[in-house]
């Protein structure tokens with residue numbers, strides 16, 4: 001999923017006490033807050049939240065809330081293998097076309113209603129009936145989903161579906177969502193939030209925080225009741241301010257910060273930092289849409305130009321400069337964090353920094369600098385001059401964009417750098433593709449199916465932001481989804497060969513240039529808190545890692561006294577603010593979906 005960005009603000013505050021109430025999650029806010037003695041954990045992030053509707057929300061905070069607030073048919077363990085969640089067990093028919101899932105009994109929704117197999121069938125049938133772009137790719141080949149009783153779900157497919165244990169679809173409560181107009185699922189706010197997970201979202205304050213309360217009836221088999229009472233995702237509008245809040249003790253962890261802050265955080269007493277490989281990447285994307293509706297420059301439909309840009313870029317330097325050398329330069333689409341699904345591009349076939357080769361390619365294709373101004377033209381005189389968008393929320397992308405502009409100019413391609421905020425740019429992308437090139441990032445899930453699906457023709461103006469289309473690729477997508485042997489479900493050899501072939505096509509056609517693979521950059525207090533669970537493996541990260549274990553097991557170090565100490569930074573802040581209430585204080589200096597639009 002995408003990551004939504006932060007804004008920038010300047011607040012001049014005359015009353016420091018009121019400033020604390022505005023800029024930090026309240027210690028005892030509103031009637032929904034637990035007692036002031038509640039055990040609270042606060043995670044800082046400098047990206048905003050775009051809502052709680054899984055059919056339209058795509059920000060990283062939203063999806064972390066979906067992972068905590070909803071259950072799924074199956075989930076992932078710390079080694080990223082499918083394990084039971086709502087389903088306790090399953091079996092498949094000899095031909096691989098019928099799956100029977102046995103649903104966990106005794107589960108309840110946050111409002112006390114029972115969760116049954118009928119909720120699972122309702123969720124999947126809602127997607128099938130509406131063909132909703134957000135999740136339909138998971139249900140490739142599914143012909144029916146039924147619940148013959150409260151504890152059984154039967155899924156039938158026209159062909160085997162290799163991703164049946166990786167259906168990353170939140171299970172929704174039928175008694176809530178049956179009241180929503182299926183033709184306008186995207187408009188439902190989904191608050192109050194009714195899920196079944198270990199936490200319930202109780203407050204969403206855009207630009208400030210998202211608050212979650214522990215679900216005290218969460219099944220012991222899935223981890224049981226969280227040790228925390230409440231969890232906050234605290235949204236900062238300025239990274240420097242967020243880091244200072246962490247250093248002052250107002251935050252217990254910070255995530256997804258620019259790599260340049262790693263050295264500062266790593267040296268703090270009582271802090272552990274990680275830079276763990278994460279699913280996803282940062283990419284340079286091209287508008288490839290072959291449609292008269294597209295507002296992008298049609299020259300970019302020529303893969304030769306896109307390939308020349310690829311040869312013109314020095315990814316090693318981008319990584320060294322933009323992400324402090326911590327990340328791995330990108331090659332193929334699927335992240336190295338997804339293990340064997342990553343296609344290792346042969347050394348001889350890799351794009352490398354070779355501006356001379358880029359120039360030769362362009363010259364051979366008829367793109368020459370005919371008027372001597374340094375910019376190449378077509379035979380008809382159309383210049384290779386394009387718009388490049390870099391999002392204001394991401395300093396690393398801004399740095400990369402400036403280098404790319406310079407390198408492209410060296411080979412005769414002019415890029416005009418445009419800086420936009422993430423929300424405005426997402427409208428440009430999905431409102432008839434009003435852009436040429438852009439730098440953005442992707443998250444995703446462990447199974448490669450979702451990320452690969454974003455380049456299928458059906459995802460133009462939906463999940464697809466390059467608007468790429470290739471009939472051969474579309475056929476391979478269906479084939480990889482069907483590459484499942486029920487007699488040997490663990491054998492992924494055939495599917496791996498097909499997903500490698502798809503990545504090879506994308507690497508050749510270059511709708512994306514993968515700049516670097518994502519990292520989970522996180523810092524967290526280990527002097528005051530214990531119960532952190534790393535994933536994947538010991539070299540992983542405690543949050544944003546597809547598992548819920550850290551959130552369930554986190555607790556203050558020591559006894560109840562330690563719990564009070566965990567609250568101390570906020571109490572200290574109140575006292576400090578009161579002491580300076582008469583002083584003028586200046587603070588805070590300074591992914592994923594909009595509405596669907598018409599398909600081609």
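Where a number appears in this text, it was derived from the coordinates with a stated rule and is not lab data. Keep in mind the model is a prediction, meaning the values are calculated, not measured. Glycine also receives a Cβ, built like all others from the backbone with ideal geometry; neighbour counts cover every protein chain displayed.
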Over 10 Å intervals from 0, what percent of Cα-Cα pairs in region 379-472 sits in each interval? 14, 38, 36, 11, 1
What's the percent breakdown of Cα-Cα distances in region 74-185 across 5 Å bins, shortest bin first? 2, 12, 21, 25, 21, 13, 5, 1
What ratio of Cα Rg to 2.2 N^0.38 Å holds for region 128-178? 1.19
Tell me, how many Å apart are the Cα centres for region 515-558 and for region 251-305? 21
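Would you mind getting me the FRET efficiency between residue 409 and residue 260? Use the beta-carbon distance for r and R0 = 22 Å, nearest 0.05. Walk me through the intermediate numbers first.
Values: r = 26 Å, r/R0 = 1.17.
Calculated value: 0.30.
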Going by average Cβ neighbours within 10 Å, how do the peptides 452-462, 238-248 rank, with the highest at the top? 452-462, 238-248
Average the reciprocal distances over every distinct pair of alpha-carbons in region 278-519, invert the result, and give the Kirkwood radius in Å. 18.4
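At 20 °C and a viscosity of 1.002 mPa s, what translational diffusion coefficient does Stokes-Einstein give for region 457-532, taking Rh as the Kirkwood radius over Cα pairs? Give it in µm²/s as a whole number.
Details: Rh = 15.8 Å.
Calculated translational D: 135 µm²/s.
When a footprinting reagent is the concern and you count Cβ atoms within 10 Å, what order do 85, 553 take, fewest first? Spell out each step's value before the answer.
Details: 85 21, 553 17.
Sorted ascending by nearby Cβ count, the order is 553, 85.
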Between residue 248 and residue 497, what length in nm is gained on full extension when 0.36 nm per residue of separation is reduced by their alpha carbon distance? 84.5 nm
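On full extension of the chain, what length is gained from residue 304 through residue 382, given 0.36 nm per residue of separation minus the C-alpha to C-alpha distance? Mind showing how you got there, number by number?
Working: separation 78, 0.36 × 78 = 28.08 nm, distance 1.56 nm.
Full extension of this stretch gives 26.5 nm more.
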Can you tell me the order of 177-188, 46-57 when each peptide is scored by its average per-residue count of other Cβ atoms within 10 angstrom, highest first? 46-57, 177-188
Could you give the length gained by full extension between residue 183 and residue 431, i.e. 0.36 nm per residue of separation minus their alpha carbon distance, to one decimal place? 87.4 nm
Given Cα positions, please report Rg to Rh for the chain, the hydrodynamic radius being the Kirkwood one. 0.97
Note on the chain, DSSP bridge orientation, antiparallel percent to nearest 5 equals 75
